[in-house]
Each structure stands twice: as C-alpha cells, then as structure tokens.
Amino acid sequence: MLRRMLGALGVLFTVACSSSFAASTASAAENSILVAYFSGTGTTERVANMLSEQLGADLYRINAKDPFTAEDLSYDPDSRANQEKQHLDLRPEIADQVSNMEQYDTVLIGYPIWSERAPRIIATFLDSYDFADKTLIPFCTAYTSGIENSEQELRELYPQLKWVHGQKFSSTTTPEEVGAWLQQLQLQLKP
C-alpha cells in the first residue's frame, strides 16, 4: 500500500514538474523576436539597436561575406551598390548564419533604401531560412524614399510569407518614435 502511494506521488510529482516546465518553456518561446538588419553607414544599425532594446529581442547583423566599403556604397554608377540595384537576381553571400532561427516567431528585417529597393543581401537572407511559420516586419532607413516600393518588391518576391506593413525611419529617429511604432504593431515591449 505504501509502495503504491509513493508510486502515485512520484507520478503526480513528475506530471506537475513536466507541466510546469512545458508552461515556462512555452511562455519563453511565445514572444521570440529577432531584429535582423543590414547597415551600410550605421543608420539602420542605430534603429535596429533601438528596436532590439525596446523589445528585449535578439539582434543579428547581416554581414556580407565580401564586406561593403565606402567606395562600394558611393553614388558612382559603377559602384557595387549601384550594380546590385540593377540586378534583382543577385544574391551576395552572407558571412555568418543565425544558428537558432527556428526559435523566432517574429523577425523584423531592416535595411537602407537603395534607389527605392532593399539591398540584394536582404533577398539572400530571406532565401537562407524557412520563414513559413514566422511573421516578417520590414523596416528601412532613408533620407527621402519611403518603404512602399521596397516592401512591395519583397512581398512580390516572397508572396508565400506572412508580411506585416513596415516602417521607414530616418537618421534622426528617436527612441520615442520607435516605441510609438512598436505600440502600433502591438508587439510585447520589454518591461
């Protein structure tokens, strides 16, 4: 009889611990957000850092395997950036990968606007992972161009993915402006 009672208590203890562990694991994974960004001059990086900080999200910089130089980013028609703008099929290699992409439910993807387009390395990033069960939210930085054309192009290139309308920021964007956009998105802000 005592042996049966101890056995029953052991089963209850195991079930309780398993349920508690499963609940804590599920709640930790519920709001898994990644802020992934490519930045040429540091403007997009600044906004990405604000987003990551306010969300308590992980941050991943998309680095080209062949890094962009200041000359590559110049307005010279023959510069690397200008050449990439003209060839939508280009996919510059990325230096490193996100090792745990499967843990994220939401991915904010940031980039500078290059002639109303996202740099081709953003397409490389999107080609590199399975985003089928994830929500993707683009954000960009630009002086004059909006996000509309680049966002539309990404939606057309990847129509099977779940996109949420993105936001354009400038070099003078404040943490308050970033926070206001996040509240509009209704993402869970870090306490």
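Since every read-out is calculated from the coordinates, none of them should be taken as a lab result. Given the structure is predicted, the values throughout are model-derived calculations rather than measurements. We place every Cβ from the backbone using ideal geometry, glycine too, and count neighbours over all the protein chains shown.
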Inset, instruction - Report, by chain and number, residues whose modeled amide H sits under 5 Å from the one on Ile147, excluding near sequence neighbours (fewer than 5 apart, same chain). - result: Lys168
Legend entry - Rounded to whole Hz, the Karplus (6.51, -1.76, 1.60) HN-Hα couplings of the range 115-130, x for glycine and proline: 6, 6, 10, 7, x, 4, 5, 5, 5, 4, 4, 5, 6, 7, 9, 8
Legend entry - Whole-Hz couplings from phi, Karplus 6.51/-1.76/1.60, listed for the range 171-179; x for Gly and Pro: 5, 9, 4, 9, x, 5, 5, 4, x
Inset, instruction - Report, by chain and number, residues whose modeled amide H sits under 5 Å from the one on Phe38, excluding near sequence neighbours (fewer than 5 apart, same chain). - result: Ile62, Gly110, Tyr111
Inset, instruction - Set the Förster distance to 45 Å, then compute FRET efficiency between Ser32 and Glu71 from the Cβ-Cβ distance, nearest 0.05. - result: 0.75
Inset, instruction - Please give the length that would be gained between Ser170 and Asn149 if that part of the chain were fully extended, namely 0.36 nm times their separation in residues minus their C-alpha to C-alpha distance (nm, one decimal). - result: 5.9 nm
Inset, instruction - At 0.36 nm per residue, minus the direct Cα-Cα distance, what do Asp58 and Leu161 gain on full extension? Give it in nm, one decimal, please. - result: 35.0 nm
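Taking 0.36 nm per residue of separation and subtracting the Cα-Cα distance, what length does fully extending Gln184 through Asn100 add?
27.5 nm
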